[in-house]
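What follows is a short report on a single structure.
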Amino acid sequence: MKITDAKVIVTCPGRNFVTLKILTDQGLHGIGDATLNGREKAVVAYLEDHVIPLLIGRDAHRVEDIWQFLYRGAYWRRGPVTMSAIAAVDTALWDIKAKAAGLPLYQLLGGASRDGVLVYGHANGADIEETVDAVGRYQEMGYKAVRAQSGVPGVKGAYGVGMGGLYYEPADSALPMETVWSTPAYLDHAPRLFERLRANYGPEIELLHDVHHRLTPIEAARLGKSLEPYRLFWMEDCTPAENQEAFRIVRQHTTTPLAVGEIFNSIHDCRTLIEEQLIDFIRTTVVHAGGITHLRQIAGLAALYQVRTGAHGATDLSPACMGAALHFDLWVPNFGIQEYMRHSEETDAVFPHAYSFADGYLHPGETAGHGVDIDETLAAKYPYDPKQLPVARLTDGSMWNW
Ligand code: CS2
Ligand code: MG
């Protein structure tokens, strides 16, 4: 089955998405997400100028060989732009292979290991009371796990507090919005939020929290310790992970489970974290970590050390990524949880999909392939709208990690 054509589709049904569509001489096509939030056009150029010309005429069934060709053959390995582009090709090819087999993708990976994919939603509010109410709304929708974030008194634009509603979207201005960060205020506030949530909702609901890289290792250790009484499912991105050894300090001090990985793009970004059992959940995604082919390697390494998966699933990962992730999640033996932030109705209409939510679980559906397609006519109605993620500064004006 020969690849005859491939094209990149950029659309903005409320937010920007980049999608690669690969076509074959057998009439089958597949799609893959290539969205890199705030840097979309870099991946578009990488795909159009450097990848698509290499794909034409290749055998679409040779998924592994094409992955190796794009990874080794580029000489310049890794990085979010390269790995998102490779992921898009890989996802589209797995889609095609599963369609050719007439099977949902999870069957090709090894079949279902569970009945459904446990997901967590995003509850956020300007203050603790608003967040408590938001968690209640997720519970009413059937969610068994909820990530909770709240505004911090005296902090302008704390991470995770959006414009409200279900569709929290951080990339909201053409030039980066400047937010202010105060670690002392946050460290004082965060345990109060979880104390309130446990008092309100009891021990059963799974609670998660995203620190979004804001703390130093010893501060992260302190936060983990102070959250122990509230039994979090995980504390996410508690400190930047370029230096994987930094997590030794956090790990020495707390039993709060640790999750990392949404900005990783290679198995080498998490090798020490996994092999030294410094984390409990690896959050790499289909789109930013080289597709199903590479994610499978990362999950295999993690399984050796009882580290479970917890794929990133924010709204800036398109439904094509979500669909592929759900097939992966249904199969992967060491599955932990899947983030599910819910896309807007406009986005759902541009990307018709087979996956569905019921009772706290998502299921990828039984459609052949990964079950997500793109309506190109509708996509064309939403032109690209440049948007960037915010930045953060400390109260004295120093640049910090957003
Ligand atoms: C996040 C995202 O979902 C998460 O856990 O950390 O909100 C993240 O900030 C965005 O995906 C950035 O593009
Ligand atoms: Mg996160």
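The values are calculated or read from the model by the stated rules, or taken from the named source; none is laboratory data. Owing to the predicted nature of the structure, the values given are computational and were not obtained by experimental measurement. Counting neighbours? That spans all protein chains shown, and the Cβs are built from the backbone with ideal geometry, glycine included. The accessibility values were calculated without ligands, DNA or RNA, using every heavy atom of the protein model including side chains. Shrake-Rupley method; radii C 1.70, N 1.55, O 1.52, S 1.80 Å.
Rounded to the nearest 10 degrees, what's the angle between the helix 128-140 long axis and the longest principal axis of the chain, both from Cα atoms, 0 to 90?
Approximately 50 degrees, to the nearest ten.
Determine the alpha carbon to alpha carbon distance for each of K7/K144; K7/K387; K41/K97; K144/K381; K99/K387 and list only those over 30 Å.
The pairs that break the limit, which is 30 Å between Cα atoms, are K7/K144; K144/K381; K99/K387.
By the gyration tensor of its Cα atoms, with a ≥ b ≥ c the square roots of the eigenvalues, what is the shape of segment 284-400: rounded for a/c under 1.5, prolate for a/b over b/c, or oblate?
Judged from the Cα gyration tensor, segment 284-400 comes out oblate (a/c at least 1.5, b/c at or above a/b).
In square angstrom, what is the accessible area per residue of segment 108-366 with a 1.4 angstrom probe?
Value for segment 108-366: 36 Å² per residue.
Given the options A145, L28, Q68, identify the residue whose Cα lies farthest towards the positive end of the charge dipole of segment 21-152 (+1 on Cβ of Lys, Arg; -1 on Cβ of Asp, Glu).
Looking along the dipole axis, the top candidate is Q68.
Rounded to whole Å, give me the distance from the Cα center of segment 229-272 to that of segment 355-380.
Here the answer is 31 Å between Cα centres.
Roughly how big is the chain's charge dipole about its Cα centre, with Cβ charges of +1 (Lys, Arg) and -1 (Asp, Glu), in debye to the nearest 20?
Around 720 debye, computed over the chain.
Tell me, what ³J(HN,Hα) does each residue in segment 67-76 have, in order and in whole Hz, if you take phi through Karplus 6.51 cos²θ - 1.76 cosθ + 1.60 with θ = phi - 60° and put x for Gly and Pro?
Working through the residues one at a time gives 4, 5, 4, 6, 7, 6, x, 7, 6, 7 Hz.
Rank by packing, highest mean first: peptides 227-235, 364-372, with packing defined as the count of other Cβ atoms within 10 Å averaged across residues.
364-372, 227-235
In Å², what does the accessible area per residue of segment 1-54 work out to with a 1.4 Å probe?
Heavy-atom SASA per residue in segment 1-54 reads 37 Å².
Output the 0 to 90 degree angle, nearest 10, between the alpha-carbon long axis of helix 80-101 and the longest principal axis computed from the alpha carbons of the chain.
60 degrees
Sort segment 3-104 into rounded, prolate or oblate with this rule: let a ≥ b ≥ c be the square roots of the eigenvalues of the Cα gyration tensor; rounded if a/c is under 1.5, and if a/c is not under 1.5, prolate when a/b is larger than b/c, oblate otherwise.
Cα axes put segment 3-104 in the oblate bin.
Of the peptides 53-62, 185-194, how do they stack up when ordered by the mean number of other Cβ atoms within 10 Å, highest first?
Final packing ranking: 185-194, 53-62.
Could you rank the peptides 140-153, 30-43 by their average count of other C-beta atoms within 10 Å per residue, with the highest value first?
Descending packing order for the listed peptides: 30-43, 140-153.
With +1 on the Cβ of every Lys and Arg and -1 on the Cβ of every Asp and Glu, and nothing else charged, how large is the dipole of segment 3-104 about its Cα centre, in debye rounded to the nearest 20?
Taking the Cα centre of segment 3-104 as origin, the dipole is about 260 debye.
Could you give the length gained by full extension between R137 and S398, i.e. 0.36 nm per residue of separation minus their alpha carbon distance, to one decimal place?
Fully extending the segment from R137 to S398 adds 90.2 nm.
Can you compute the charge dipole magnitude of segment 61-211 about its Cα centre, using +1 on each Lys and Arg Cβ and -1 on each Asp and Glu Cβ, nothing else charged? Give it in debye, rounded to the nearest 20.
640 debye
Just the number, please: carbon plus sulfur as a percent of the accessible area of the chain, 1.4 Å probe, no ligands or DNA/RNA counted.
Here it works out to 52 percent.
Cα axis of helix 217-227 to longest principal axis of the chain: angle in degrees, 0 to 90, nearest 10?
Between helix and principal axis, roughly 70 degrees.
If I model a spin label at E48 and L378 as a point 7 Å from the Cα along the Cα→Cβ vector, what separation in nanometres do I get?
Here the answer is 2.4 nm between the modelled labels.
Add -39500 (n - 2.57) for each DSSP H run of 4 or more in the chain, then divide by its residues: what number comes out at 222 nm, to the nearest 500 deg cm²/dmol?
-10000 deg cm²/dmol
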